[in-house]
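Worksheet: one structure, shown below.
The values are calculated or read from the model by the stated rules, or taken from the named source; none is laboratory data. Remember, predicted model here, so these are calculated numbers, not experimental data. Cβ placement follows ideal geometry from the backbone for every residue including glycine, while neighbour counts extend to all protein chains displayed.
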Amino acid sequence: MREPVPGDRASERMPVRAVQRAFDLLARIGTRKEGATLSELARDSGLPTSTAARLIASLEQTGFVERDADARYRSGPRLLQVGLSALHGSTLYELSEPFLRRLSQASGETANLAIPIDAHQAIYLRQEISPKSIHHATWVGRILPLDRTAVGGALLGRAGAAGYVAMRDTLERDVTAVAAPVHDARGRIVAALSITGPSFRISDDDLVRFGKLVADAARAASLQLGAPGALLAETPEKGGPPT
């Protein structure tokens with residue numbers, strides 16, 4: 001076998017590919033609260049079982065994943081440490097707390113912060129849970145598609161003249177959501193604020209009111225991030241809530 005030569009592109013691709021695969025496995029483990037078996041991880045990632053086993057063994061040895069008594073792999077202490085450090089070092093995470101609290105108090109529903117992962121997915125980064133007895137369990141860490149979601153529509157720049165996106169019965173039946181985009185100093189959409197709740201409790205009038213709440217909150221959060229004021233100028237509300 002030919003010895004790897006420094007600078008040889010073929011030899012450099014092998015460790016990079018292994019790192020990419022390891023990160024993919026970490027992401028899959030980190031977003032599954034119930035953990036995952038080796039066979040599930042191999043199937044979902046499209047890797048041969050032997051390759052997945054070798055990568056997971058390395059991740060387990062370094063403390064990024066751990067295996068429980070049922071042979072399911074879960075986030076390990078090193079991964080939790082990195083995740084918590086990233087959260088508390090995130091400007092968006094810290095900035096969002098008062099906005100989410102006020103949104104939840106004003107609407108009586110759950111308020112959320114989501115950020116994009118890539119061109120197709122987003123992740124819930126922070127929530128203020130509804131004080132009402134009927135509400136969704138925490139979605140922090142949950143990955144959702146940008147398509148067919150209010151948060152996704154906001155992140156994709158589809159808020160329109162009213163400044164928000166409202167949807168009923170999207171990923172889950174009987175759930176209504178309204179979301180608005182948050183911009184950074186360069187005018188890019190970097191996050192979305194949203195309100196979610198059971199549809200039976202949110203009338204069309206409520207939806208319009210919630211839409212204004214999230215649009216105003218997202219605009220204020222954007223200004224704190226240095227977004228250009230002209231980009232965030234209020235526009236007349238048009239249209240009505242979704243049917």
Counting only residues in segment 34-45 that are under 24 Å from the mean Cα position of the chain (by Cα) and farther than 20 Å from ARG17 by Cβ, the one surrounded by the most Cβ atoms within 10 Å (Cβ to Cβ) is identified as ALA36
In segment 46-67, anything surrounded by 16 or more Cβ atoms within 10 Å (Cβ to Cβ) and in a helix (DSSP H, G or I) is listed as ALA52, LEU55, ILE56, LEU59
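Name every residue in segment 103-129 that is among the aliphatic types (A, V, I, L, M) and at pLDDT 90 or above, in order of residue number.
Taking segment 103-129 first, the residues among the aliphatic types (A, V, I, L, M) are 103, 106, 111, 113-115, 117, 119, 122-123, 125, 129.
The answer is LEU103, ALA106, ALA111, LEU113, ALA114, ILE115, ALA122, ILE129.
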If you go through ALA185, ALA230, ALA161, the only one that is part of a helix (DSSP H, G or I), modelled with pLDDT under 95 and out of contact with any helix residue (DSSP H, G or I) (no Cβ under 8 Å at 6 or more places or on another chain) is ALA230
| request: Please work out if THR170 is modelled with pLDDT under 95, assigned to a loop (DSSP other than H, G, I, E, B) and closer than 25 Å to THR138 by Cβ. | output: yes
Within segment 169-201, restricting to residues that are surrounded by fewer than 18 Cβ atoms within 10 Å (Cβ to Cβ) and in contact (Cβ under 8 Å) with a residue 60 or more places away in the chain, the one that is nearest to the chain's Cα centre (by Cα) is PRO198
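Is one or more of the residues making up segment 146-157 part of a loop (DSSP other than H, G, I, E, B), out of contact with any Cys (no Cβ under 8 Å at 6 or more places or on another chain) and within 22 Å of ASP206 (Cβ to Cβ)? Spell out how you get there, then give the answer.
Quick first cut of segment 146-157, residues part of a loop (DSSP other than H, G, I, E, B) only: 146-149, 156-157.
Filter once more, so that each one left must be out of contact with any Cys (no Cβ under 8 Å at 6 or more places or on another chain): 146-149, 156-157.
Retained after the next criterion (residues that are within 22 Å of ASP206 (Cβ to Cβ)): 148-149.
Yes.
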